[in-house]
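The values are calculated or read from the model by the stated rules, or taken from the named source; none is laboratory data. Predicted model only: the values in this text are computed from it and were never measured. Here Cβ is always computed from backbone atoms with ideal geometry, including for glycine, and neighbour counts include all displayed protein chains. Keep in mind that these areas ignore ligands, DNA and RNA; they rest on the heavy atoms of the full protein, side chains included. Shrake-Rupley method; radii C 1.70, N 1.55, O 1.52, S 1.80 Å.
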2 protein chains.
Amino acid sequence: MQRMLREIRIAGYGGQGVILAAAVIGKAAAIFQGGYATMTQAFGPEARGGSSSAQVILSGEPILYPYVTQPDVLVVMSQEAYTRFAPQLKPGGILITEQELVNIDKMPTGIRVHGVPATRLAEELGRKMVLNIVMVGFFGAVTNLLDRDALRRAVADSVPPASLDLNLRAFDKGFDYGSQLLLRLSEQGDAEEAVSLESA
Amino acid sequence: MQRMLREIRIAGYGGQGVILAAAVIGKAAAIFQGGYATMTQAFGPEARGGSSSAQVILSGEPILYPYVTQPDVLVVMSQEAYTRFAPQLKPGGILITEQELVNIDKMPTGIRVHGVPATRLAEELGRKMVLNIVMVGFFGAVTNLLDRDALRRAVADSVPPASLDLNLRAFDKGFDYGSQLLLRLSEQGDAEEAVSLESA
């Protein structure tokens, strides 16, 4: 666990399991990785519209002010969530999207964007409702903020026993998708570098 | 919904449904009663010990600092939670206990204490696991911070459809227990007052 404070916002619409995804990330940091975390959920007019969002802070020390102002990582599972929260992302931050639900119109500068078809991957497992855990796995792979094993144990600790296997498979599917994406990007990066070196 | 900020802490051990109880209260205030609320859960060393706690802030306006320092209302479902959080209660605050799990050793001065055998009432409904919703009902009756109907709708909105009826019955059972308790206390208060007037 990094000592530095990291702020994460997860947003989507009601029923996508935003809060559980946030709680899993917080739990992984604190219970299984020896750090501290807070998860804050705000209820207000926007919740009446059916949208849902949660904030997670990860830290190596107790957290005195548990409010995210500029997230380092933003995970969005709906277009509305993207439109609302993308402008708040910290420069150099990471934007993670449910790529079939979010259309990125204005690409923010200085932000790394990674998309995953989480709903489709969840449907391949037979249960669309585990898309949030697919997102958690993908988040784990592309941010590298938390150990894979800590996240996986936090998933196991947060879901009903009857759906444990399904959720662990969802987590692995999301994580593997993210790892393979990073691998492809790195190969591509190397290739581009090779080309630019050749043309120099 | 009162305009004033109200801070609530709910604490117990893992598996008692502390977080869901907190989320129901926040949701009732914001979604069904036109106010604002935040729910914050901290993960840290204490969570590793199996205890669970959540903070809820209710307000008539957007909440800028979602951290409870001195709760107006403290709901405790374990002895450890009582020992840890009771000293933080605001003077004039309300302490709500699961009375068969919490033994009040030092009665705080200036604090109203109300106990409910939530686990036993839940068991009477056939499912011990709804003790948290019994507590929410009882909280509603003895604090009078939120409308009964808003709380009840928030319960309905927060539990799986398969256990909806059970949870609504748990809510009603807790609420009715609290209403009857207040009624008895008020009759007793009148009686005591009559006695003291007589002896004066």
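Points to keep in mind about this one:
- Pairs of Lys residues in the protein assembly as shown are counted when their Cα atoms are under 16 angstrom apart and they lie 8 or more places apart or on different chains; the count is 4.
- Per-residue ellipticity at 222 nm from helix content only, as computed over chain A with -39500 (n - 2.57) for each DSSP H run of at least four residues, stands at -14500 deg cm²/dmol.
- At 7 Å out from Cα toward Cβ: B:Pro91 inter-copy label distances (nm, ascending): 4.9
- Helix axis angle, B:148-158 relative to chain B longest principal axis, alpha carbon, degrees: 30
- Charge dipole (chain B, unit charges on Cβ, about Cα centre) - positive-most of B:Gly93, B:Leu58, B:Gln180: B:Leu58
- Sequence of A:Ser78, A:Ser179 when ordered by accessible area, the most exposed leading, probe 1.4 angstrom: A:Ser179, A:Ser78
- Counted over the protein assembly as shown, the DSSP beta bridges are approximately 55% antiparallel.
- The trypsin sites (Lys or Arg not before Pro) of region B:104-167 meeting both criteria, a DSSP state outside H, G, I, E and B (loop) and at most 12 other C-beta atoms within 10 angstrom of the site's C-beta, are B:Lys106.
- Considering the rotation that superimposes chain B on chain A, the residue of B whose beta-carbon lies nearest the axis, and that distance in Å, is B:Thr40, 2.
- Relative to the dominant Cα principal axis of chain B, helix B:18-30 is inclined by about 80°.
- The value of relative contact order for region A:51-182, using C-alpha pairs under 8 Å at least six residues apart, is 18 percent.
- Loop-located GluC sites (Glu not before Pro) in region A:72-173 (DSSP state not H, G, I, E or B) with no more than 13 neighbouring Cβ atoms inside 10 Å: A:Glu100.
- Ratio Rg/Rh [Cα only; Rh per Kirkwood] for chain B: 0.98
- Cut-off 14 Å between beta-carbons: net charge of the residues surrounding B:Thr143, Lys and Arg +1, Asp and Glu -1: +2
- Summed residue charge, Cβ within 11 Å of A:Ile96's Cβ, Lys/Arg positive, Asp/Glu negative: +1
- Within a Gaussian network of chain B (alpha carbon springs, distance under 10 Å), most fluctuating of B:Gly17, B:Gly92, B:Gly189: B:Gly189
- Rg/Rh (Cα only; Kirkwood hydrodynamic radius) as it applies to the protein assembly as shown: 1.04
- Between copies, the label points at B:Leu185 (set 7 angstrom from Cα along Cα-to-Cβ) are spaced 5.6 nm, reported in nanometres from shortest to longest.
- Each other copy places its own label point for B:Gly14 at 3.0 nm from this one, sorted shortest first, where the point lies 7 Å along the Cα-to-beta carbon line.
- Average other protein chain Cβ within 10 Å of Cβ, residues A:30-39: 5
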